[in-house]
Each structure stands twice: as structure tokens, then as C-alpha cells.
Amino acid sequence: MDQRRNHAWTAPLLDRPASRRQFLLGMGAAGLLLGLGTLRDRAFAQDLDLEMVLNDPASPLGGNPKGSLNIVTFFDYNCPFCRQASKPLGDVVRADGDIRLVYKEWPILTDASRDGAVLALAAHRQGKYETAHAALMAQEGRADPAAMRSVLEATDIDMTRLDADRAAHSKEINAHLDRNLAIAEALGLRGTPAYLVGPYLVASALDTAGFEQVIKDARARGKDG
């Protein structure tokens, strides 16, 4: 899986549709333009529904659930760049107070990545998603399933209930992860991390200043219509 490490793909979303082939061919080092501007009225690349991206009831939320700006974060718990960007993103969202953060687990790097995502989504059933997310993002090195579980055991998550929820809701959790995969594929994402910030896509790990700038740009574009 290609990871863009050294510069951000940041570009406004276009107001005309594009085929998936055109979309992928248009991706270059200079930037990435997406055809998402009219997705509230029609699908992108035949199988992407903006409402499912922003409002899937199974997607955990952070920040202000009624915030005026959406940030959708695609990540893998074994991605070092996701871990690097996790704290700056969280700090900016908390300081801003008007951002609705949508979590999209996209476990693509290892089998253990999916195990971590399943554990976090099971923790969500007891209202401990962000506790699990923070613990899993604080790991160092490539984590196996045992390590994923160990970091959660060190939190206040009820592991007995987590195991019960994981078993009882396995079908729903795996269907949710499969939806996230389909969304990422429809967007043409190449690797983690990736963020939808209002009308912009950023496919890079940003620092605090980077997140603040793209948020500022997204709000300015919204005011301009």
C-alpha cells in the first residue's frame, strides 16, 4: 500500500462527476482533485454515497457531534503516520470546539490491524471508543493481536463486556469495516492516513499547524460557496 509521506495531497473537490478510472489517472504528485462536490445529489464513481461517509450510524464520532465542519479520518492502528497525526488532530478538534470528527477504521496494513479495529468498535458498544482509539494509537512498533488487546486491558474498558459485544455484534462490526473499505476504494485512497476536511482531501500526516490551515481553508471555501 503506497504511503505518501513527504507532502500533503490537498485539493478542493470538483463540482462535476468523474469515473473511477478518470479519478485515478488524475492523481499525481502535484495534487489530487476529487469529484465530491455534488454527492448529496448523485453518487461518485457509481458506489459512493456522501451520506454514508458522513452519517453512517455505525461510525464513531468525536469532537462536537453538531459541529459545523466535518473531518473524516481514515486510519490503521498499525500505521506509524496515523499515530503521528492522531494527537495533533485531537488537539486541534478539542481546541476548535466546532468540528465533527468521523472515525473510519481502514485496517489495510496487517491482519492485526483489523483485529485492533474490531476491538475499538466493540469498545464503542460500551461508550469507550475514544478510550480504545487513544490507547491503540499510542502503541509503538508493529502490534500483533495480543499487543492490541494488552493496551486496552490497561485502560478502564470492561474487557469482559468487550468480548461479549465483539461476539454478539461480529456481523455488524465486520460489515461496517467492509463499508469503510468500499468507501476508501471509491475515493481512490492509496494509503493511510487520509482525511476529508470539509470540501478537501488530505492524504498525509499533518502536524497541528497543518490541520489548522486546512480547517481554515475549508471554512473559507464554505463561506465563498
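The values are calculated or read from the model by the stated rules, or taken from the named source; none is laboratory data. Owing to the predicted nature of the structure, the values given are computational and were not obtained by experimental measurement. Cβ sites come from the backbone with ideal geometry, for glycine too, and all protein chains shown count toward neighbours. Keep in mind that these areas ignore ligands, DNA and RNA; they rest on the heavy atoms of the full protein, side chains included. Shrake-Rupley method; radii C 1.70, N 1.55, O 1.52, S 1.80 Å.
Values computed for the structure shown
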item: Within the accessible area of the range 136-179 (1.4 Å probe), percent carbon and sulfur; result: 50 percent
item: Cα centroid separation - the range 149-225 against the range 47-106, whole Å; result: 5 Å
item: Difference of contour (0.36 nm per residue) and Cα-Cα distance, GLU185 to SER150; result: 9.5 nm
item: Residues ARG142 and ALA175, FRET efficiency given R0 of 30 Å [Cβ-Cβ distance, rounded to 0.05]; result: 0.65
item: Over the range 75-225: Rg over Rh, Cα atoms, Kirkwood Rh; result: 0.98
